[in-house]
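The values are calculated or read from the model by the stated rules, or taken from the named source; none is laboratory data. Because the structure is predicted, anything quoted here is derived from the model rather than measured. Virtual Cβ from ideal backbone geometry, glycine too; neighbours counted across all protein chains shown.
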Amino acid sequence: MKAYTIHVTGIVQGIGFRPFVSKLAHELRLVGTVRNDTSGVEIHIQGVDADCQLFVERLQSELPMHGRIDTLQMEPTDVQALDDFTIILSQDVKGNAFIGADMAPCEACLRDIQDPENRRFHYGFTNCTNCGPRYTIIESTPYDRDKTSMKVFPMCEDCQTEYDDLSGRRYHAEPNACEQCGPMFTLKDTDGRVLATGQDAMEQAKVYIQNGSIVALKGVGGYHLVCDALQERVVLTLRQRKGRPRKPLAVMAGSLETAKQYVYISEREEELLLSPARPIVLLRRVRKYNVAPSVAPGMETLGILLPYAPYHYSLVPSDALWVMTSANRSGDPVLYDDMQAEEELQGIADYILAHNREIISPVDDSVVQVVQNEPILIRRSRGYIPLSIPVVPLEKSPTMLAMGADMKAAFGMNRGSHAILSPYMGDMEHQRVQDLLWSTTKRYEELFQLQPIQVIVDAHPGYYTSQCGRTYAEKHQLPVIEVQHHHAHVAAVLAEYNIQEPVLGICFDGTGYGPDGTLWGGEFLYCHKEHMERIAHLSYAPLPGGEVAVREPWRQALWYVKQLYPSEVPAVIEQWKKTLPKGWELLDKMMPHMQMVQSSSGGRLFDTVSSLLGLGYEHLYDAQLAIELEQLALSENGNILDMKLDGTVLDAMSLVRSVIEQLENGESVAKISANFHRTLIYYIGQMARRCCEERHISHIILCGGVFQNRILLEGVIEELREYIVHVPTQSPMNDGGIALGQLWLGSYMNR
C-alpha cells in the first residue's frame, strides 16, 4: 500500500476535473480525496503502487476535453485510514487557479433538452461537467457553487442526487439545475409588465420575433437584440433605433443545415461553428438565398453563429435565420446589468426576454475567420476568455500588467509562463469602455489573485490605456515600460510561436505612434527578442485635419490628388470632387499652409483608394471603407499595376496614380479594387524579399489590422511561400493582441 499527494495546476477548475479524478480513482480501486485549492487541484491517493502510477499516467492522457495540465507534482505521503475516494470542500480562501471559458451545450445535454420524456425538456439552463457557463458566473476561485451566481439557486432533491452520483456526468457539476430549482426566463414589455415566464416566455417571444418584433434577449455574457433576418422592415427599424446605420449585423442560424443555405462552409469553418466556443464565423454568402439587404449592406460575407446556450435551442427554430447583435448602443461595451438594460432598451426593443441568473463578468461574442485553414481571431471574448496562453519567456518574469491599445481594447496579465488576456472591451474613446477597463482590471486581480509589479504601455502619449497604465503605476509605485505599437504587434506572434531567431515583421494597420514622431502603419521591421529596427515602410502621406482625416478619408485622397495633378485634373477626378462634402474647396486651398502629421499607414492607403472609387467619404464604423473595398474584389481576379519601390520605401503615390488612371480608362470599380489588392500583394512580397536577403531572414510575421483583409493575407502568404510565414491564431490580428506582445517584450526588457 502506497500513498501520494499530487498537486496539479493548469486549466483544472470549472472543466469537470474533480469528477474525472474521482471516477478514475474508483475505477482503479484507489481511495483518497480531491479538492480545488488556491492554485489548482490537490489529490490524495493510496493503494497498490502500480495502480497509483497508472492513475497518474491516465490523469494526463485522459484529461477532460477542455482541460490543460501545466504542472504535476507527486510526493509520497503517509497512508491514512480511508475506505473510499471522495470530493471534499475547497480551502476557504480566495484562490488564483486558471478557470475554463463558457462552453456550448455538449451532445448529451442537447439530447436532454430535446427529449420530451426528459425532465430537462426545453430547460434553458441545462449543463453538466462537460459544458455550460464558467467565466461569466464565477465570483472567485476555488470553483465551487457558493462562489458563483448559482449560489442563490439551492438544488432540488433530484438535482442534488445527480450532483452526488459518481457515475453520472453531473457529478459535482457546479451550475447544475432544473426547471424546479434553477434560473428562469421572464418576458416583459417595455413598460415592465410581465407577459409570461418559463417556457411560455420562450414561446411567446418566438412568436413576437416571427411576427416582426425586436426582442432583447439576456444571454450568457450580455444582452442581444434579436429579430428575423429575412424581414427587411424590422432590420431597418433595428438599425434606426440602435443608431447603427451600416455595420454588418451578426445572424444566428437555427441549425448548421440552415446556415448552409445562406453561406459556404468549409470543413474547418464547420468545426469552428460547432466548437464549444461557438464564435461568430465570417463566411462567404450563397447568393441564391438572400437575407434582408440591410443585414450586411455591401458585403459578400455574413457573420454566422449557431446556438450556444441551451435556451437558444428552444427559442430559435431550426430553420430560422435571426439577427443576434449586441444590445448596447453604438460604441458602448456589452450591456449586461438588468436594471441598466431595462432603462436603455426603452425605444429600442419591443420586448425584453431576461433570466434571473446574474452575469458576473460580461463578454461579447467572439469573431473568427478562416484563412488558409487557420482560424484568425478578430475578436477574442466568449468561449476563449479567460483561457491562458502559454508564453515560454514569461516563466521567469514577475507579474506584469500590459495595457494594450485604445482600439479593440484588451489588456493582459501574466502568471508564470502564462498570459491571461482580458475580453474584448471596445474603443477607449467611449466613457463606458474606459469604466469597463478599470473594473475588469480589478476583476482579474481578484479572480486570479494577481498583483502586478510592473506596467507596460503603448508608447503613444495620447492613448487612454497608456495614461491609465501610468496612473495605475503611480498609485502602486510601480515602474512603467513603454513599447512601440507595431513592435508589440510582431511580438504577439513571437510569443505565440516562441520564435527566438530574427524575423521580418510586416505590420500593416491603421496608425500607431512611431519613435520619429510620425504615425506608422505600413512597416517592415527587423525584430529579434526585444530588439526592433525599421528597415522599410510605406511612403508617408499627411493626415489633413489629424484624427478627422481618419474618420473622413476623402481628406487624404484630396491631398494625393493635389500632389499628382497640381494643375490639370483628369475629368474623372473633377467629377469626384463634385461629390465631396461641403467645405472641400477651403481645405484644398489651406493644405499648402497647414502643419499636418505624416503617416505611413497601410489602413489609410486603403481608405484613400476606397474614397477615390466612390465607396464613401466618412467611416460609419471602424474600417468600413477598407472592408467594403475588399468585398468588391472578392469576385474579380486582379492584375499588377505600377507601384514603385524606392530603396526602402514602398511608394503609395505611384499606386494611387495607377488607380486613378484605371478610373480614367473606364475600368469597373470591382476590377480596380482587385487590381489594387493584387498590386499591393506583389510589391509587399518584393520588399519583403529585399529585406530578408539583406538580413538573412527565413521567418516572416504578418500582423496588424489591415491583414484581417482575407485577400491581402492569403495573397501575401502565397507570394512569400518560400519563407516560413507566421500569422497570429491565439490572439487577434488587430490591436486586441497588442497586450500579448507587450508581455513578451516586457519579459525580455526585465532581464
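Miscellaneous remarks
- Residues that are over 30 Å from the mean Cα position of the chain (by Cα) and in contact (Cβ under 8 Å) with a residue 40 or more places away in the chain within segment 171-181 comprise Y171, H172, C178, E179, listed in sequence order.
- One residue from L306, L236, L230, L282 being under 29 Å from D115 (Cα atoms), aliphatic (A, V, I, L, M) and either touching a Lys or Arg at 6+ places or on another chain (Cβ under 8 Å) or at pLDDT 95 or above (or both): L306
- Residues located in segment 711-731, provided they are among the polar types (S, T, N, Q) and surrounded by fewer than 20 Cβ atoms within 10 Å (Cβ to Cβ): T729
- The single condition among (1) outside any loop (DSSP other than H, G, I, E, B); (2) under 27 Å from I15 (Cα atoms); (3) of a type in the set (D, E, K, R) that K206 does not satisfy is (2).
- When E27, E42 are checked against the criterion of being in contact with a strand residue (DSSP E or B) (Cβ under 8 Å, 6 or more places away or on another chain) and among the acidic types (D, E), a single residue qualifies: E42.
- Of the strands (runs of 3 or more DSSP E) that lie entirely inside segment 11-98, those containing 2 or more residues that are surrounded by 13 or more Cβ atoms within 10 Å (Cβ to Cβ) and under 34 Å from the mean Cα position of the chain (by Cα) span 31-36, 41-47, 68-76.
- Verdict on I717 being among the aliphatic types (A, V, I, L, M), in a strand (DSSP E or B) and in contact with a strand residue (DSSP E or B) (Cβ under 7 Å, 6 or more places away or on another chain): no
- Scan of segment 512-539 for residues that are among the β-branched types (V, I, T) and in contact with a helix residue (DSSP H, G or I) (Cβ under 7 Å, 6 or more places away or on another chain), ordered by number: I535
- Evaluation of G192 against (1) under 21 Å from I304 (Cα atoms); (2) part of a loop (DSSP other than H, G, I, E, B) (one fails), failing number: (1)
- Taking the listed residues Q556, Q575, Q563, Q484, the one that is within 27 Å of G666 (Cβ to Cβ), surrounded by 15 or more Cβ atoms within 10 Å (Cβ to Cβ) and among the polar types (S, T, N, Q) is Q556, with no other qualifying.
- Within segment 629-652, residues that are farther than 18 Å from S601 by Cβ reach partners that are among the basic types (K, R) with beta carbons closer than 7 Å, at six or more positions or on different chains, in the pairs E636/K671; G638/R678; N639/R678; I640/R678.
- Within segment 300-323, the residues that satisfy the criterion of being of a type outside the set (S, T, Y), crowded, with 19+ Cβ neighbours inside 10 Å and under 19 Å from L632 (Cα atoms) are L302, G303.
- Boolean, I697 is more than 30 Å from the chain's Cα centre (by Cα), at pLDDT 95 or above, among the aliphatic types (A, V, I, L, M) and outside any helix (DSSP H, G or I): yes
- Residue check for E667: surrounded by fewer than 21 Cβ atoms within 10 Å (Cβ to Cβ) and in a loop (DSSP other than H, G, I, E, B): yes
- Filter result for the condition that a residue is in contact with a helix residue (DSSP H, G or I) (Cβ under 9 Å, 6 or more places away or on another chain), within 12 Å of P333 (Cα to Cα) and crowded, with 21+ Cβ neighbours inside 10 Å, over A419, A409, A405: A409
- Residue list for segment 343-375, restricted to those being at positive phi and among the polar types (S, T, N, Q): Q372, N373
- Considering segment 411-499, the qualifying strands (runs of 3 or more DSSP E), each wholly inside and each with 3 or more residues that are within 26 Å of P142 (Cα to Cα), in contact with a Pro (Cβ under 8 Å, 6 or more places away or on another chain) and not polar (S, T, N, Q), run over 418-421.
- L620 more than 25 Å from V370 (Cβ to Cβ) and more than 30 Å from the chain's Cα centre (by Cα): no
- So G704, is it at positive phi and within 30 Å of the chain's Cα centre (by Cα): yes
- A253 of a type in the set (A, V, I, L, M, F, W, C) and out of contact with any Asp or Glu (no Cβ under 7 Å at 6 or more places or on another chain): yes
- When segment 500-521 is limited to residues that are part of a loop (DSSP other than H, G, I, E, B) and not small (G, A, S), the one that is nearest to the chain's Cα centre (by Cα) turns out to be Q500.
- Applying the condition of being hydrophobic (A, V, I, L, M, F, W, C) and assigned to a helix (DSSP H, G or I) to segment 99-142 and asking which residue is farthest from Y313 (Cα to Cα) yields A108.
- Boolean, L394 is surrounded by 22 or more Cβ atoms within 10 Å (Cβ to Cβ) and at pLDDT 95 or above: no
- Filter result for H537 (crowded, with 24+ Cβ neighbours inside 10 Å and either among the hydroxyl-bearing types (S, T, Y) or closer than 27 Å to K644 by Cβ (or both)): no
- Within segment 579-617, the set of residues being hydroxyl-bearing (S, T, Y), closer than 16 Å to V561 by Cα and over 27 Å from the mean Cα position of the chain (by Cα) comprises T579, T608, S611, Y617.
- Test result for A201, modelled with pLDDT of 95 or more and under 27 Å from the mean Cα position of the chain (by Cα): no
- Restricting V368, V316, V323 to those that are modelled with pLDDT of 95 or more, under 23 Å from A229 (Cα atoms) and in contact with a Cys (Cβ under 9 Å, 6 or more places away or on another chain) reduces the list to V323.
- Failed condition for V281, given (1) more than 29 Å from A201 (Cβ to Cβ); (2) of a type in the set (A, V, I, L, M, F, W, C); (3) assigned to a loop (DSSP other than H, G, I, E, B): (3)
- Filter pass, T141 being touching a strand residue (DSSP E or B) at 6+ places or on another chain (Cβ under 7 Å) and either closer than 30 Å to L450 by Cα or modelled with pLDDT under 95 (or both): yes
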